[in-house]
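To start, the structure itself, in C-alpha coordinates.
The values are calculated or read from the model by the stated rules, or taken from the named source; none is laboratory data. Because the structure is a prediction, the values reported are computed rather than measured. Note: ideal-geometry Cβ built from the backbone for every residue, glycine included; neighbour counts use all protein chains shown. Accessible surface areas use protein heavy atoms only, side chains included; no ligands, DNA or RNA. Shrake-Rupley method; radii C 1.70, N 1.55, O 1.52, S 1.80 Å.
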Amino acid sequence: SYPAQRWVIHNNRGVAYERLKRFEEAVAAYREALAVIESIRGFLRTEKLKLAWGERTRRVYERLIDLLYRMGRGSEAFPYSERCRARTFLDLLAQGPVGTLENVADEGIRSGVVEPSVIEADLREVVQGLPDDTAVLEYFTTEKALYLWLITRGKVADPIRIAVERETLLAQVLAFRQAIETPPQRGKEVDALLDLLRQARDLYDLLLAPVARDIAGYAHLVVVPSGPLYYLPFAALYDCPGCRERALQGGTYQIERTTVTYLPSLTTLKYAQEKRLSATAQPMLFALGDPDSGNPSYRRLPGAQEEVRAIARLFTPPPQPTVVLGGDATQTALRLEGTGARHVVLSTHGIFNPLNPMYSYLLVAPSAQDDEKLHTHEVFGLGLRADLVTLSACETLLPSLRAAERQVRAVRGGGEDEPVVIPPELLERITSGDELVGLTRAFIYAGTPTVVSTLWSVYDESTRHLMVAFYRRLLAAQTDKAQALRQAQLLLLRDPLYRHPVHWAPFVLYGDWR
(Lines give C-alpha, C1' and ligand atoms only; values in the text may rest on other atoms or scores of the structure.)
Protein backbone atom coordinates (compact mmCIF):
# COMPACT_ATOMS: atom_id res chain seq x y z
CA SER A 1 0.00 0.00 0.00
CA TYR A 2 0.97 3.66 -0.26
CA PRO A 3 3.67 4.33 2.40
CA ALA A 4 2.12 7.63 3.53
CA GLN A 5 -1.01 5.66 4.33
CA ARG A 6 0.76 2.72 5.95
CA TRP A 7 2.56 4.74 8.62
CA VAL A 8 -0.66 6.58 9.46
CA ILE A 9 -2.49 3.26 9.83
CA HIS A 10 0.21 1.88 12.15
CA ASN A 11 0.24 5.11 14.15
CA ASN A 12 -3.55 5.06 14.55
CA ARG A 13 -3.37 1.45 15.68
CA GLY A 14 -0.85 2.52 18.31
CA VAL A 15 -3.13 5.28 19.57
CA ALA A 16 -6.07 2.85 19.73
CA TYR A 17 -4.06 0.22 21.61
CA GLU A 18 -2.91 2.86 24.09
CA ARG A 19 -6.50 3.84 24.83
CA LEU A 20 -7.31 0.18 25.39
CA LYS A 21 -4.27 -0.07 27.71
CA ARG A 22 -2.78 -2.77 25.48
CA PHE A 23 0.61 -1.14 25.76
CA GLU A 24 2.85 -3.83 24.27
CA GLU A 25 0.75 -3.85 21.11
CA ALA A 26 0.85 -0.03 21.05
CA VAL A 27 4.65 -0.08 21.21
CA ALA A 28 4.79 -2.59 18.36
CA ALA A 29 2.43 -0.48 16.23
CA TYR A 30 4.42 2.71 16.79
CA ARG A 31 7.64 0.90 15.88
CA GLU A 32 6.05 -0.33 12.67
CA ALA A 33 4.99 3.23 11.88
CA LEU A 34 8.54 4.48 12.41
CA ALA A 35 9.97 1.70 10.27
CA VAL A 36 7.85 2.94 7.36
CA ILE A 37 8.70 6.60 8.04
CA GLU A 38 12.42 5.92 8.24
CA SER A 39 12.52 3.68 5.18
CA ILE A 40 11.36 6.36 2.76
CA ARG A 41 12.13 9.71 4.41
CA GLY A 42 15.00 10.57 2.04
CA PHE A 43 12.98 10.13 -1.13
CA LEU A 44 10.19 12.66 -0.59
CA ARG A 45 9.74 15.23 -3.34
CA THR A 46 6.16 16.52 -3.41
CA GLU A 47 4.96 19.26 -1.08
CA LYS A 48 2.14 17.02 0.10
CA LEU A 49 4.57 14.37 1.31
CA LYS A 50 6.93 16.93 2.82
CA LEU A 51 4.10 18.32 4.93
CA ALA A 52 2.99 14.82 5.91
CA TRP A 53 6.54 14.06 6.98
CA GLY A 54 6.67 17.14 9.19
CA GLU A 55 5.05 17.50 12.55
CA ARG A 56 2.85 14.42 12.25
CA THR A 57 5.81 12.06 11.97
CA ARG A 58 7.53 13.61 14.95
CA ARG A 59 4.41 12.89 16.99
CA VAL A 60 5.03 9.16 16.53
CA TYR A 61 8.44 9.47 18.18
CA GLU A 62 6.88 11.53 20.95
CA ARG A 63 4.13 9.00 21.61
CA LEU A 64 6.54 6.07 21.65
CA ILE A 65 9.02 7.81 23.97
CA ASP A 66 6.25 8.86 26.33
CA LEU A 67 4.70 5.39 26.35
CA LEU A 68 8.00 3.62 27.01
CA TYR A 69 8.65 5.98 29.90
CA ARG A 70 5.22 5.29 31.43
CA MET A 71 5.87 1.56 31.06
CA GLY A 72 9.08 1.88 33.07
CA ARG A 73 11.23 1.25 29.98
CA GLY A 74 12.72 4.71 29.60
CA SER A 75 16.14 3.35 28.68
CA GLU A 76 14.63 1.94 25.47
CA ALA A 77 13.37 5.40 24.53
CA PHE A 78 16.79 7.05 24.25
CA PRO A 79 17.72 5.72 20.76
CA TYR A 80 14.40 7.04 19.43
CA SER A 81 15.35 10.53 20.57
CA GLU A 82 18.50 10.24 18.46
CA ARG A 83 16.68 8.66 15.52
CA CYS A 84 14.16 11.49 15.55
CA ARG A 85 17.00 14.04 15.33
CA ALA A 86 18.51 12.23 12.34
CA ARG A 87 15.06 12.18 10.74
CA THR A 88 14.72 15.93 11.31
CA PHE A 89 17.99 16.53 9.49
CA LEU A 90 16.99 14.45 6.49
CA ASP A 91 13.51 15.99 6.34
CA LEU A 92 15.16 19.38 6.25
CA LEU A 93 17.34 18.33 3.35
CA ALA A 94 14.29 17.01 1.52
CA GLN A 95 12.71 20.46 1.77
CA GLY A 96 15.75 22.12 0.20
CA PRO A 97 16.47 22.96 -3.44
CA VAL A 98 17.20 20.37 -6.12
CA GLY A 99 20.69 19.00 -5.71
CA THR A 100 20.97 19.55 -1.97
CA LEU A 101 21.21 15.86 -1.18
CA GLU A 102 24.00 15.42 -3.71
CA ASN A 103 26.01 18.18 -2.01
CA VAL A 104 26.28 16.40 1.32
CA ALA A 105 29.56 14.59 1.75
CA ASP A 106 28.50 11.68 3.92
CA GLU A 107 27.52 8.67 1.83
CA GLY A 108 24.68 7.57 4.06
CA ILE A 109 23.13 11.02 3.97
CA ARG A 110 23.59 11.38 0.21
CA SER A 111 21.51 8.27 -0.40
CA GLY A 112 18.77 9.74 1.77
CA VAL A 113 18.68 6.60 3.91
CA VAL A 114 20.37 6.21 7.28
CA GLU A 115 19.42 2.86 8.73
CA PRO A 116 18.25 2.92 12.36
CA SER A 117 20.78 0.20 13.14
CA VAL A 118 23.61 2.46 11.94
CA ILE A 119 22.38 5.37 14.05
CA GLU A 120 22.13 3.17 17.13
CA ALA A 121 25.57 1.63 16.53
CA ASP A 122 27.09 5.11 16.21
CA LEU A 123 25.26 6.15 19.36
CA ARG A 124 26.69 3.25 21.37
CA GLU A 125 30.18 4.08 20.11
CA VAL A 126 29.90 7.73 21.12
CA VAL A 127 28.48 6.91 24.56
CA GLN A 128 31.31 4.46 25.27
CA GLY A 129 33.92 6.95 24.09
CA LEU A 130 32.88 9.93 26.23
CA PRO A 131 35.72 11.34 28.39
CA ASP A 132 35.49 10.71 32.13
CA ASP A 133 35.18 14.43 32.89
CA THR A 134 32.20 14.93 30.53
CA ALA A 135 28.48 14.72 31.25
CA VAL A 136 25.91 14.85 28.45
CA LEU A 137 22.36 16.12 28.92
CA GLU A 138 20.05 15.16 26.08
CA TYR A 139 16.61 16.77 26.06
CA PHE A 140 13.54 15.79 24.06
CA THR A 141 10.43 17.97 23.98
CA THR A 142 6.93 16.60 23.60
CA GLU A 143 3.62 18.40 23.69
CA LYS A 144 3.06 17.79 27.40
CA ALA A 145 6.51 17.11 28.86
CA LEU A 146 10.26 17.38 28.49
CA TYR A 147 12.44 14.27 28.79
CA LEU A 148 16.04 14.43 30.00
CA TRP A 149 18.71 11.71 29.71
CA LEU A 150 22.01 11.95 31.58
CA ILE A 151 24.93 10.19 29.88
CA THR A 152 28.21 9.74 31.77
CA ARG A 153 31.14 7.30 31.65
CA GLY A 154 29.58 4.99 29.11
CA LYS A 155 26.17 4.80 30.77
CA VAL A 156 22.77 6.25 29.89
CA ALA A 157 20.62 6.89 32.95
CA ASP A 158 16.87 6.37 32.89
CA PRO A 159 15.15 9.53 31.66
CA ILE A 160 13.72 12.19 33.91
CA ARG A 161 10.28 13.48 32.94
CA ILE A 162 9.94 17.23 33.48
CA ALA A 163 6.30 18.22 33.52
CA VAL A 164 6.33 21.31 31.31
CA GLU A 165 4.30 21.77 28.15
CA ARG A 166 6.18 22.73 24.99
CA GLU A 167 4.19 25.94 24.67
CA THR A 168 4.98 26.95 28.26
CA LEU A 169 8.67 26.13 27.80
CA LEU A 170 8.78 28.19 24.62
CA ALA A 171 7.23 31.20 26.36
CA GLN A 172 9.67 30.90 29.26
CA VAL A 173 12.73 30.68 26.99
CA LEU A 174 11.61 33.60 24.83
CA ALA A 175 10.87 35.74 27.90
CA PHE A 176 14.37 35.03 29.23
CA ARG A 177 15.94 35.85 25.89
CA GLN A 178 14.00 39.09 25.70
CA ALA A 179 15.06 40.01 29.24
CA ILE A 180 18.71 39.52 28.27
CA GLU A 181 18.50 41.48 25.03
CA THR A 182 16.31 44.40 26.12
CA PRO A 183 18.33 47.35 27.50
CA PRO A 184 16.96 48.40 30.90
CA GLN A 185 15.30 51.77 31.38
CA ARG A 186 17.43 54.40 33.04
CA GLY A 187 17.10 54.13 36.79
CA LYS A 188 15.64 50.61 36.50
CA GLU A 189 18.93 48.76 35.99
CA VAL A 190 18.89 46.91 39.31
CA ASP A 191 15.25 45.84 38.92
CA ALA A 192 15.95 44.60 35.38
CA LEU A 193 18.98 42.62 36.57
CA LEU A 194 17.05 41.02 39.42
CA ASP A 195 14.25 40.03 37.03
CA LEU A 196 16.82 38.53 34.66
CA LEU A 197 18.48 36.56 37.45
CA ARG A 198 15.10 35.31 38.65
CA GLN A 199 14.27 33.99 35.19
CA ALA A 200 17.74 32.44 34.84
CA ARG A 201 17.25 30.79 38.27
CA ASP A 202 13.80 29.46 37.33
CA LEU A 203 15.16 27.91 34.15
CA TYR A 204 18.06 26.40 36.08
CA ASP A 205 15.60 24.89 38.55
CA LEU A 206 13.59 23.45 35.66
CA LEU A 207 16.38 22.15 33.43
CA LEU A 208 19.54 21.55 35.49
CA ALA A 209 18.47 21.17 39.10
CA PRO A 210 17.00 17.67 38.52
CA VAL A 211 20.53 16.40 37.74
CA ALA A 212 22.61 18.97 39.65
CA ARG A 213 24.03 16.43 42.11
CA ASP A 214 24.81 13.96 39.34
CA ILE A 215 26.80 16.46 37.26
CA ALA A 216 28.54 18.20 40.17
CA GLY A 217 31.80 16.32 39.70
CA TYR A 218 32.12 16.90 35.96
CA ALA A 219 34.19 19.67 34.40
CA HIS A 220 32.46 19.67 31.02
CA LEU A 221 28.76 19.73 30.22
CA VAL A 222 27.48 18.82 26.75
CA VAL A 223 23.90 19.85 26.01
CA VAL A 224 21.85 18.21 23.25
CA PRO A 225 18.91 20.61 23.06
CA SER A 226 15.41 20.11 21.73
CA GLY A 227 12.80 22.55 20.47
CA PRO A 228 12.96 25.93 22.25
CA LEU A 229 16.11 24.89 24.12
CA TYR A 230 18.16 25.48 20.97
CA TYR A 231 17.83 29.19 21.69
CA LEU A 232 18.71 29.05 25.36
CA PRO A 233 22.23 29.94 26.62
CA PHE A 234 22.72 27.20 29.22
CA ALA A 235 25.93 28.92 30.33
CA ALA A 236 23.77 31.76 31.69
CA LEU A 237 21.45 29.56 33.78
CA TYR A 238 21.75 30.58 37.40
CA ASP A 239 21.82 28.56 40.60
CA CYS A 240 20.56 30.43 43.64
CA PRO A 241 18.21 28.20 45.68
CA GLY A 242 15.46 30.09 47.47
CA CYS A 243 17.01 33.49 46.74
CA ARG A 244 14.78 36.52 46.65
CA GLU A 245 15.22 40.19 45.83
CA ARG A 246 18.84 41.40 46.11
CA ALA A 247 19.97 38.05 47.51
CA LEU A 248 19.66 36.82 43.92
CA GLN A 249 22.97 38.52 43.16
CA GLY A 250 24.73 35.92 45.30
CA GLY A 251 24.16 32.98 42.96
CA THR A 252 26.34 31.19 40.40
CA TYR A 253 26.12 31.03 36.60
CA GLN A 254 26.64 27.57 35.10
CA ILE A 255 29.65 28.87 33.13
CA GLU A 256 31.36 29.50 36.49
CA ARG A 257 31.15 25.78 37.25
CA THR A 258 31.75 23.98 33.94
CA THR A 259 32.50 24.41 30.31
CA VAL A 260 29.27 24.19 28.27
CA THR A 261 29.13 22.98 24.67
CA TYR A 262 26.36 21.73 22.41
CA LEU A 263 25.56 19.03 19.88
CA PRO A 264 22.60 18.84 17.48
CA SER A 265 22.52 15.12 18.32
CA LEU A 266 24.88 12.91 20.26
CA THR A 267 25.71 10.84 17.18
CA THR A 268 26.92 14.04 15.47
CA LEU A 269 29.98 13.84 17.71
CA LYS A 270 31.27 10.81 15.79
CA TYR A 271 31.27 12.71 12.51
CA ALA A 272 32.70 15.82 14.15
CA GLN A 273 35.59 13.83 15.62
CA GLU A 274 36.34 12.31 12.22
CA LYS A 275 36.41 15.82 10.72
CA ARG A 276 38.83 16.97 13.44
CA LEU A 277 41.25 14.18 12.63
CA SER A 278 41.17 15.07 8.92
CA ALA A 279 41.44 18.85 9.39
CA THR A 280 44.42 20.56 7.82
CA ALA A 281 47.45 20.86 10.11
CA GLN A 282 48.51 24.16 8.55
CA PRO A 283 47.67 26.91 11.10
CA MET A 284 46.26 29.28 8.49
CA LEU A 285 43.55 31.84 9.24
CA PHE A 286 40.90 32.96 6.76
CA ALA A 287 38.85 35.85 8.14
CA LEU A 288 35.95 37.55 6.37
CA GLY A 289 34.59 40.72 7.93
CA ASP A 290 32.14 43.55 7.26
CA PRO A 291 31.22 42.58 3.68
CA ASP A 292 29.85 45.30 1.42
CA SER A 293 26.72 43.56 0.17
CA GLY A 294 25.41 46.63 -1.62
CA ASN A 295 22.12 46.15 0.20
CA PRO A 296 21.22 49.27 2.21
CA SER A 297 18.86 47.22 4.39
CA TYR A 298 21.86 45.83 6.27
CA ARG A 299 24.13 48.15 8.19
CA ARG A 300 27.86 47.81 7.75
CA LEU A 301 29.86 46.34 10.62
CA PRO A 302 33.02 48.43 11.08
CA GLY A 303 33.58 46.69 14.41
CA ALA A 304 33.83 43.41 12.50
CA GLN A 305 36.81 44.79 10.58
CA GLU A 306 38.60 45.64 13.81
CA GLU A 307 37.71 42.23 15.23
CA VAL A 308 39.11 40.12 12.37
CA ARG A 309 42.24 42.27 12.15
CA ALA A 310 42.83 41.82 15.88
CA ILE A 311 42.39 38.05 15.56
CA ALA A 312 44.73 37.96 12.54
CA ARG A 313 47.47 39.68 14.57
CA LEU A 314 47.50 36.66 16.88
CA PHE A 315 48.58 34.38 14.02
CA THR A 316 52.31 34.32 13.38
CA PRO A 317 53.25 33.75 9.74
CA PRO A 318 54.03 31.66 7.83
CA PRO A 319 51.52 31.21 6.43
CA GLN A 320 50.24 34.75 6.26
CA PRO A 321 46.67 35.18 7.61
CA THR A 322 44.14 36.01 4.91
CA VAL A 323 41.73 38.83 5.79
CA VAL A 324 39.07 39.94 3.30
CA LEU A 325 36.91 42.98 4.00
CA GLY A 326 34.27 45.13 2.33
CA GLY A 327 33.89 44.40 -1.37
CA ASP A 328 36.52 41.63 -1.22
CA ALA A 329 34.55 39.61 1.36
CA THR A 330 32.86 37.34 -1.20
CA GLN A 331 31.77 33.73 -1.52
CA THR A 332 34.43 33.40 -4.19
CA ALA A 333 37.15 34.40 -1.73
CA LEU A 334 35.85 31.90 0.80
CA ARG A 335 35.81 29.08 -1.74
CA LEU A 336 39.26 29.90 -3.18
CA GLU A 337 41.16 30.82 -0.01
CA GLY A 338 39.08 29.73 2.96
CA THR A 339 38.52 26.06 2.21
CA GLY A 340 42.14 25.16 3.00
CA ALA A 341 42.41 27.19 6.20
CA ARG A 342 42.49 25.60 9.65
CA HIS A 343 40.66 28.57 11.21
CA VAL A 344 37.77 30.34 9.47
CA VAL A 345 36.15 33.45 10.94
CA LEU A 346 33.04 34.89 9.29
CA SER A 347 32.07 38.18 10.93
CA THR A 348 28.91 39.27 9.16
CA HIS A 349 25.12 39.33 9.33
CA GLY A 350 23.25 36.03 9.49
CA ILE A 351 19.67 35.93 8.25
CA PHE A 352 17.39 33.13 9.41
CA ASN A 353 14.61 32.14 6.99
CA PRO A 354 11.76 30.84 9.15
CA LEU A 355 9.82 29.63 6.10
CA ASN A 356 12.62 27.35 4.87
CA PRO A 357 15.80 27.14 6.98
CA MET A 358 17.76 25.76 4.03
CA TYR A 359 17.54 29.29 2.61
CA SER A 360 18.91 30.96 5.72
CA TYR A 361 22.09 32.75 4.74
CA LEU A 362 25.22 34.64 5.71
CA LEU A 363 25.61 38.04 4.09
CA VAL A 364 28.71 38.49 1.93
CA ALA A 365 29.81 40.82 -0.83
CA PRO A 366 28.65 39.95 -4.37
CA SER A 367 31.13 38.90 -7.04
CA ALA A 368 31.03 38.05 -10.73
CA GLN A 369 30.46 34.40 -9.80
CA ASP A 370 28.19 34.66 -6.75
CA ASP A 371 25.55 36.86 -5.17
CA GLU A 372 25.57 38.38 -1.67
CA LYS A 373 23.89 35.41 0.04
CA LEU A 374 25.73 32.31 1.21
CA HIS A 375 22.74 30.02 1.77
CA THR A 376 22.74 27.11 4.16
CA HIS A 377 22.29 24.63 1.32
CA GLU A 378 25.41 26.08 -0.35
CA VAL A 379 27.46 25.56 2.79
CA PHE A 380 27.14 21.77 2.34
CA GLY A 381 29.25 21.95 -0.80
CA LEU A 382 32.11 24.13 0.52
CA GLY A 383 34.56 21.28 1.13
CA LEU A 384 36.16 22.85 4.20
CA ARG A 385 39.25 21.49 5.93
CA ALA A 386 38.95 23.80 8.91
CA ASP A 387 39.31 22.70 12.51
CA LEU A 388 37.10 25.59 13.65
CA VAL A 389 34.59 27.92 12.01
CA THR A 390 33.52 30.98 13.98
CA LEU A 391 30.35 32.82 12.97
CA SER A 392 30.72 36.14 14.72
CA ALA A 393 28.26 39.06 14.84
CA CYS A 394 25.57 36.84 13.35
CA GLU A 395 22.00 36.16 14.40
CA THR A 396 22.52 32.53 13.50
CA LEU A 397 19.69 31.31 15.72
CA LEU A 398 16.26 32.63 16.57
CA PRO A 399 16.81 35.73 18.74
CA SER A 400 13.24 36.60 19.79
CA LEU A 401 9.72 36.90 18.48
CA ARG A 402 10.41 40.49 17.49
CA ALA A 403 13.51 39.49 15.56
CA ALA A 404 11.65 36.57 13.97
CA GLU A 405 9.14 39.08 12.62
CA ARG A 406 12.02 41.12 11.18
CA GLN A 407 13.37 38.01 9.51
CA VAL A 408 9.99 37.29 7.92
CA ARG A 409 9.96 40.85 6.56
CA ALA A 410 13.47 40.40 5.17
CA VAL A 411 12.53 37.15 3.45
CA ARG A 412 9.41 38.70 1.95
CA GLY A 413 11.16 41.93 1.03
CA GLY A 414 8.67 43.97 3.05
CA GLY A 415 9.24 47.26 4.85
CA GLU A 416 9.64 47.85 8.57
CA ASP A 417 6.02 48.92 8.89
CA GLU A 418 4.60 45.80 7.26
CA PRO A 419 2.47 43.95 9.82
CA VAL A 420 3.66 40.40 10.41
CA VAL A 421 1.73 37.73 12.23
CA ILE A 422 3.59 34.53 13.02
CA PRO A 423 0.97 31.78 13.32
CA PRO A 424 1.38 29.17 16.04
CA GLU A 425 2.28 26.42 13.56
CA LEU A 426 5.12 28.52 12.10
CA LEU A 427 6.33 29.49 15.56
CA GLU A 428 6.44 25.81 16.52
CA ARG A 429 8.41 25.03 13.35
CA ILE A 430 11.01 27.75 13.87
CA THR A 431 11.53 26.65 17.47
CA SER A 432 11.95 22.98 16.58
CA GLY A 433 15.71 23.34 16.10
CA ASP A 434 15.62 22.52 12.37
CA GLU A 435 17.32 25.74 11.27
CA LEU A 436 20.21 25.08 13.61
CA VAL A 437 20.56 21.62 12.13
CA GLY A 438 20.50 23.22 8.71
CA LEU A 439 23.25 25.76 9.45
CA THR A 440 25.52 24.41 12.15
CA ARG A 441 25.50 20.81 10.96
CA ALA A 442 25.91 22.10 7.41
CA PHE A 443 29.31 23.49 8.41
CA ILE A 444 30.17 20.27 10.23
CA TYR A 445 29.34 18.18 7.18
CA ALA A 446 31.16 20.70 4.99
CA GLY A 447 34.34 19.70 6.77
CA THR A 448 34.69 21.38 10.15
CA PRO A 449 34.30 19.57 13.48
CA THR A 450 33.49 22.69 15.50
CA VAL A 451 31.33 25.77 14.97
CA VAL A 452 31.20 28.75 17.33
CA SER A 453 28.15 30.90 16.66
CA THR A 454 26.00 33.48 18.39
CA LEU A 455 22.45 33.33 19.66
CA TRP A 456 21.68 37.02 19.11
CA SER A 457 23.17 40.21 17.68
CA VAL A 458 26.26 41.07 19.67
CA TYR A 459 28.00 44.29 20.67
CA ASP A 460 31.12 45.18 18.69
CA GLU A 461 33.37 46.11 21.60
CA SER A 462 32.64 43.17 23.89
CA THR A 463 32.68 40.74 20.97
CA ARG A 464 36.15 41.88 19.95
CA HIS A 465 37.41 41.42 23.52
CA LEU A 466 35.89 37.96 23.77
CA MET A 467 37.04 36.75 20.36
CA VAL A 468 40.60 37.96 20.82
CA ALA A 469 40.74 36.34 24.27
CA PHE A 470 39.30 33.11 22.84
CA TYR A 471 41.82 32.83 20.01
CA ARG A 472 44.74 33.94 22.18
CA ARG A 473 44.07 31.08 24.59
CA LEU A 474 43.36 28.62 21.79
CA LEU A 475 46.56 29.40 19.91
CA ALA A 476 48.62 29.20 23.08
CA ALA A 477 47.88 25.45 22.94
CA GLN A 478 47.29 25.44 26.67
CA THR A 479 43.67 24.34 26.47
CA ASP A 480 40.97 22.91 24.23
CA LYS A 481 38.31 24.93 22.39
CA ALA A 482 35.71 24.57 25.13
CA GLN A 483 38.08 25.77 27.84
CA ALA A 484 39.34 28.61 25.66
CA LEU A 485 35.78 29.83 25.10
CA ARG A 486 34.87 29.48 28.78
CA GLN A 487 37.96 31.41 29.88
CA ALA A 488 37.12 34.19 27.43
CA GLN A 489 33.52 34.31 28.70
CA LEU A 490 34.68 34.42 32.32
CA LEU A 491 37.02 37.27 31.42
CA LEU A 492 34.01 39.33 30.34
CA LEU A 493 31.84 38.14 33.23
CA ARG A 494 34.44 39.48 35.67
CA ASP A 495 34.74 42.82 33.87
CA PRO A 496 32.32 45.42 35.33
CA LEU A 497 31.69 46.74 31.81
CA TYR A 498 30.69 43.38 30.34
CA ARG A 499 29.40 41.24 33.23
CA HIS A 500 25.83 41.31 31.88
CA PRO A 501 24.99 38.04 30.02
CA VAL A 502 24.12 39.97 26.86
CA HIS A 503 27.87 40.32 26.27
CA TRP A 504 29.22 36.82 26.98
CA ALA A 505 26.27 34.40 26.93
CA PRO A 506 25.38 34.42 23.19
CA PHE A 507 28.53 32.54 22.18
CA VAL A 508 27.92 28.81 21.82
CA LEU A 509 30.20 26.00 20.65
CA TYR A 510 28.68 23.16 18.62
CA GLY A 511 30.52 19.97 17.74
CA ASP A 512 33.85 18.56 18.90
CA TRP A 513 35.10 20.67 21.81
CA ARG A 514 38.70 19.39 21.75
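Points to keep in mind about this one:
- Accessible area of the range 113-243 divided out per residue, in Å², using a probe of 1.4 angstrom: 41 Å²
- The trypsin sites (Lys or Arg not before Pro) of the range 233-270 that DSSP puts in a loop, and whose beta carbon has at most 15 other beta carbons within 10 Å, are ARG244.
- Normalised by 2.2 N^0.38 Å, with N the number of residues, the alpha-carbon radius of gyration of the range 189-301 equals 1.46.
- Environment charge of LEU197, counting only residues whose C-beta is closer than 14 Å and scoring Lys/Arg +1, Asp/Glu -1: -3
- Within the range 232-374, percent of DSSP bridges classed antiparallel, to nearest 5: 35 percent
- THR390 long-range amide H proximity, modeled H, under 5 Å: VAL344, VAL345, LEU346, VAL452
- Net charge of the neighbourhood of GLU256, taken over other residues with C-beta under 12 Å away and scored Lys/Arg +1, Asp/Glu -1, is +3.
- Candidates per trypsin sites (Lys or Arg not before Pro) in the range 141-234, loop by DSSP, up to 11 other Cβ within 10 Å: ARG186, LYS188
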